[in-house]
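FYI, it's all coordinate maths here, none of it is from the lab. Note that the coordinates shown come from a computational prediction; the quantities given were computed from them, not determined experimentally. No Cβ is skipped: glycine too gets one built from the backbone with ideal geometry, and neighbour counts run over all protein chains shown.
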Amino acid sequence: MSGSLDDFQAERARLQALVLEKGTTTTKRFFNLDGAAYRDGALPAKTKELLGLAASAVLRCDDCINYHLLQSKEAGASASELRETLDVSLIVGGSIVIPHLRRAYGRIEEMFGAEA
């Protein structure tokens, strides 16, 4: 794993601000739609974040996995819920997901501590 979650969050925030400052109307609309999709609705935000985590792992996007791990925890997900979500990703995505699952477990430990 390269860098800490704090490093990831700082760099993401910096680049997000740049995109929002310099981005086109289309880009800003997409970002707004993305944010709206994860708000409470028929499904609670926590469930939506866990779905985002599952999809991100299957798509093998480490930045997305980090983001949804953090957002899921902020929405109230436990370490156990995160690991079970990653189990679903492993079943759907197959063994190619394993390197991403390993890094996600390291992030979970970083977020919750070794006891989680």
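The set of residues from region 1-16 being part of a helix (DSSP H, G or I), loosely packed, with under 10 Cβ neighbours inside 10 Å and of a type in the set (Gly, Ala, Ser) is empty. Just the residues that are of a type outside the set (A, V, I, L, M) and surrounded by 19 or more Cβ atoms within 10 Å (Cβ to Cβ), please, taken from region 68-92. Result: His68, Ser72, Lys73, Thr85, Ser89. The sole residue among Thr47, Thr25 that is surrounded by fewer than 13 Cβ atoms within 10 Å (Cβ to Cβ) and not acidic (Asp, Glu) is Thr25.
Filtered by the rule that a residue be of a type outside the set (Lys, Arg), closer than 18 Å to Gly3 by Cα and loosely packed, with under 13 Cβ neighbours inside 10 Å, region 93-108 gives Pro99, Gly106. Residues considered: Gly41, Gly35. Of these, the only one that is small (Gly, Ala, Ser) and surrounded by 11 or more Cβ atoms within 10 Å (Cβ to Cβ) is Gly41.
Whenever a residue of region 92-116 is closer than 16 Å to Ser72 by Cα, its partners that are β-branched (Val, Ile, Thr) and in a helix (DSSP H, G or I), lying with C-beta atoms within less than 7 angstrom and at least six residues away or across chains, give the pairs Ala104/Ile65; Ala116/Ile108. Could you go through region 6-16 and let me know if any residue there is aromatic (Phe, Trp, Tyr) and in contact (Cβ under 8 Å) with a residue 12 or more places away in the chain. Scanning region 6-16 turns up at least one residue that is aromatic (Phe, Trp, Tyr) and in contact (Cβ under 8 Å) with a residue 12 or more places away in the chain. Name, by its number, the condition in (1) among the polar types (S, T, N, Q); (2) outside any loop (DSSP other than H, G, I, E, B); (3) within 17 Å of Ile108 (Cα to Cα) that does not hold for Asn32. (3) is the only condition that Asn32 fails.
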